[in-house]
Amino acid sequence: MSYFALLIGKLLRFCLNVFGRGSSLPGKIALKIDENILSKFDFPSLVIFVTGTNGKTSTTHYLSNILSEAQYKTMTNLAGANLVQGIVTQALEYSSFNFTIQADAVVLEVDEATLPNIIEDIKPSHILMLNLFPDQEDRFGSVEELAIKLNKALVTDSKLILNANDPRLAWIGESHPEFLLSA
């Protein structure tokens, strides 16, 4: 089923590009066909997640530009499609037909509530957490509940880059000192 999902997703992505349309629809359809498709992709060793309540798009843009200027072929989701279906759509665009991501580096804006759902499938090398503000509590409960969910999701060997001015992110850093990227 995974290969069929890849083919349908790539075909839909191609058709939308022909008509100048951007959409997360290819990823949404691919996920309907194979809900585990994201775990099938072979990502490069440098994968950076940028998450938090505010500043994700700008920071993702800056990081991807820095890597591109350093001659890295970079996969990114600059259009801001930061939910699972948008990330799958980007993977469909950048992958070969054997699920290998054709990039040296990946910089993904990841919705803060989405990170726990994809961290095991992509296994980022670095996670940059900017901040957690209470402006979307209707989606994920309190900011404290979100911090707990993010903290529990960090079971990979990802290096953490945290905004220590945010007390919730400082707490996450204290909970995972072995993952903190130090200067």
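The values are calculated or read from the model by the stated rules, or taken from the named source; none is laboratory data. Since the model is a prediction, treat every value here as computed from it, not as a measurement. Cβ sites come from the backbone with ideal geometry, for glycine too, and all protein chains shown count toward neighbours. Note: accessible area is taken over every heavy atom of the protein model, side chains too, but ligands, DNA and RNA are not part of it. Shrake-Rupley method; radii C 1.70, N 1.55, O 1.52, S 1.80 Å.
Name the residues whose placed amide hydrogens come within less than 5 Å of the amide hydrogen of V47, ignoring near sequence neighbours (fewer than 5 apart) on the same chain.
The list, which skips near neighbours in sequence, is V106, S125, H126.
Tally Lys/Arg at +1 and Asp/Glu at -1 over every other residue whose Cβ is under 13 Å from the Cβ of Y94; what's the total?
0
Can you give the charge dipole size of the chain about its Cα centre, rounded to the nearest 20 debye, using +1 on the beta carbon of Lys and Arg and -1 on the beta carbon of Asp and Glu?
With Lys and Arg at +1 and Asp and Glu at -1, about 620 debye.
Would you tally the net charge around L180, using a Cβ to Cβ cut-off of less than 14 Å, leaving L180 out, and scoring K and R as +1, D and E as -1?
Working: positive: K159; negative: D157, E174, E178.
Within the 14 Å Cβ shell, the charges total -2.
Please give the charge dipole size of the range 1-82, origin at the Cα centre, charges +1 on K and R Cβ atoms and -1 on D and E Cβ atoms. Round to the nearest 20 debye.
Roughly 220 debye, rounded to the nearest 20.
Local charge sum around G22 (other residues, Cβ-Cβ under 12 Å, Lys/Arg +1, Asp/Glu -1)?
With Lys, Arg at +1 and Asp, Glu at -1, the net is +1.
Per the 1.4 Å probe, what fraction of the accessible area of the chain, in percent, lies on carbon and sulfur atoms?
In the chain, the share of accessible area belonging to carbon and sulfur is 55 percent.
Hey, can you find the accessible area per residue of the chain for me, probe 1.4 Å, expressed in square angstrom?
For the chain, the per-residue accessible area is 50 Å².
Give a residue-ordered list of calculated ³J(HN,Hα) values for the range 43-56 (Karplus: 6.51 cos²θ - 1.76 cosθ + 1.60, θ = phi - 60°; whole Hz; x for Gly, Pro).
These are the phi-based 3J(HN,Hα) values: 8, x, 6, 9, 10, 10, 9, 10, 9, x, 6, 10, x, 5 Hz.
Can you find, among S142, G173, L67, the residue sitting farthest towards the positive end of the charge dipole of the chain, where Lys and Arg contribute +1 and Asp and Glu -1 at Cβ?
Positive-most Cα among the choices belongs to L67.
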